[in-house]
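Let me begin by presenting the structure, written as structure tokens, before commenting on it.
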Amino acid sequence: MGEFDFSGRTVLVVGGSSGIGNGIAQAFAARGAEVHVWGTRSGAGDYAAAEGSDLTGLHYVKLDVADAAAIDRYRPPFARLDVLVLAQGIVIYKRGEFKAEAFRRVVEVNLTSLMSCAAKFHDMLAATKGALIIISSTAAFHATRGNPAYNASKSGAVGLTRSLAQAWAADGIRVNGIAPGLVATKLTTVTTDDPQRLAAALESIPLGRLGTPSDIAGAALFLASPLAGYIVGQTLVVDGGLVL
């Protein structure tokens, strides 16, 4: 596997229990890494394949990233960390994000927790000259009707990627990001389960198809590999051409 052989490496994927995060976690595991994931349910058995979850071979821990104290209390069962992927995220539909409480909740999970997690593992990543990958969204580059908190948080994630990259490069940590387009996960069922909305969405994607967690995982493998050794502070758009 060459540059994509992660044997002997340890990877943590926050939000790795389903969707994009799970696809990334499984991609690293398939290439030899010891992969740990965080999710919000009591145990791995509470996730189903129909939800886009495959926790086979992964080490699962329940942890609510909106609880900064819980992140601080966490004691990792691994002695080293080579790659940290921050793929946590929520969205609230039906204009719920226009309400202050919901807005704060989305920002807490989608943005504030990124900094909490990054700071928690800074020293471990510095020790291995590791990689931090932040999953944002193409929503950072255009308006999203009805979801101001999601948009603001994903825009913030792109800015955080740049700022941490600049601050931590001297520590040997390469920080980069990925901005997925429309990927079929449980967060996008409001579009994918509606034939009219899905047809309209596909018309806006030059490749003519939805993205998959595997599409995003490929970018994550690249950014964590030696092939990306001189890439710092970039957010790679993986969207089939959507933002064009």
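Read-outs: derived from the displayed coordinates by stated rules, not from any lab. Computed from a predicted structure; not experimentally measured. Positions of Cβ are generated from backbone atoms using ideal geometry, with glycine treated the same way; all protein chains shown enter the neighbour counts.
Numbers for the structure displayed
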| quantity | calculated |
| --- | --- |
| For the chain: relative contact order, % (alpha-carbon pairs under 8 angstrom, 6 or more apart) | 21 |
| Over the chain: helical MRE at 222 nm, DSSP H runs n ≥ 4 each giving -39500 (n - 2.57), nearest 500 | -10500 deg cm²/dmol |
| Residue order, fewest to most surrounding Cβ atoms within 10 angstrom, among PHE6, PHE98 | PHE98, PHE6 |
| Reduced Cα scattering model of the chain, Debye log10 I(q)/I(0), q = 0.07, 0.09, 0.17 Å⁻¹ | -0.21, -0.35, -1.36 |
| Sorted by Cβ density within 10 Å, fewest first, the residues LEU202, LEU244, LEU221, LEU132 | LEU244, LEU202, LEU221, LEU132 |
| Within the stretch 64-82: backbone nitrogen closer than 16 Å to the ARG41 label point (7 Å, Cα to C-beta) | 64 |
| Cβ-Cβ FRET estimate between ALA143 and LEU207, R0 fixed at 22 Å, reported to 0.05 | 0.45 |
| Extension reserve of the ALA199-VAL243 stretch, reckoned as 0.36 nm per residue once the Cα distance is removed | 14.2 nm |
| Cα-based helix-to-principal-axis angle, 19-30 vs the chain, degrees rounded to 10 | 30 |
| Net length gained if the chain between VAL190 and PHE78 were fully extended (0.36 nm per residue, minus Cα distance) | 36.6 nm |
| Label-point separation, GLU101 to THR56 (7 Å along Cα→Cβ), nm | 4.2 |
| If the convex hull is drawn through the Cα atoms of the stretch 1-127, its volume per residue in Å³ | 120 |
